[in-house]
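Participant: Have a look at this one.
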Amino acid sequence: NEDEKDTLQSISALKSAVTVLSKHNGGAALLDMQAALRATVHRHHDRLGDMLSIPEMKTVQSFIQSPEDYFDAEPTFKQSYAPQSGEIFGILKNMLSTFEADLSQAQKDEMQAQSAYEQLKAAKEDEIKEGQDHLEEKQEELANTDESLANAKEDLEDTRTSLAADQAFLANLKEKCQLTDQEYEQRTKTRQEEISAVSEALSFLTSDEAHDLFSRTFNFVQRTATSLSANRERAASILASTAHRVHSADLVALADSVKRDAFVKVKKAIDDMIAKLLQDKEDEIKQ
């Protein structure tokens, strides 16, 4: 960064100044040192104000203005220090040590800051990854929930359709049951009327009077035939009337048989029909 770059330049200038003073170099080296040191003081004026006392600061400024005053005017083999050069040498070395210490501390602080940054970055990356995983999990849950909702809606629609079909079937079944009940009631009524008519006809044909008419000798054939015919007609009329009312073909046939057939055959036909009607009734109850 810029602060570290400025500090390195200042350390380089201070090292150069210390070297010049320690080796008693003049000429171009002295001029280069003067320019570098002037730039250092300018860049770090506020910092040097905290680092140096007022007399030390004046000494440094004086050295920058006239560095040659800090060397002997007539050097012998090597140019030597002027008496005041020892003071500026100490000040510059202290400045160098301070700048180097500050640079070292700044670099340590930078390393610590970098390490803290890396740790924070790693922690945040872990948090981001955890958040991403959590987001993906929630997205998957949402997708599953949407799918379940769609299935539930489809199931609900199917259930409603099935319920409507079941309700329609139930209504139809109730209607059929009602019709079946009505038909059963009508059949039961018809059968009961048929049984009553047949029973009445049978009871009439098998009464003592009819039996006597069938059993008498031929001495009274004409009178017997007349009375028997009247009884047959009466029995046939009962059967025919009921057959017409209940629309029964069996009763029509039986009424015709009563008119034409012999008594034994008529009685058997009546007994058979009663048995059939009773059996039909029993079979229908079982169903």
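Participant: May I ask you to compute the full-extension gain from ASP280 to GLU127, defined as 0.36 nm times their residue separation minus their alpha-carbon distance, rounded to one decimal in nm?
Facilitator: 46.4 nm
Participant: Next up: Taking the inverse of the average 1/r across all pairs of different Cα atoms in the stretch 77-198, what Kirkwood radius in Å do you get?
Facilitator: Final number for the Kirkwood radius of the stretch 77-198 is 25.8 Å.
Participant: Roughly what would the spin-label model give for ARG260 and LEU8, points 7 Å off Cα along C-beta, in nm?
Facilitator: Calculated label separation equals 14.1 nm.
Participant: Taking the simple approach of a point 7 Å from Cα along Cα-to-Cβ for both ALA39 and GLN114, what is their distance in nm?
Facilitator: For ALA39 paired with GLN114, the spin-label model returns 2.5 nm.
Participant: Mind ordering 110-118, 250-258 by average Cβ neighbours within 10 Å, highest first?
Facilitator: 250-258, 110-118
Participant: I've got another one for you. Going highest first, how would you order 99-105, 11-17 by mean Cβ packing within 10 Å?
Facilitator: Order by mean packing, descending: 11-17, 99-105.
Quick note: the coordinates plus some simple rules give every number you see, no bench work behind them. Everything numeric in this text was worked out from a predicted model, so none of it was measured. Neighbour counts are summed over all protein chains in view; Cβ atoms, including those assigned to glycine, are modelled from backbone coordinates with ideal geometry.
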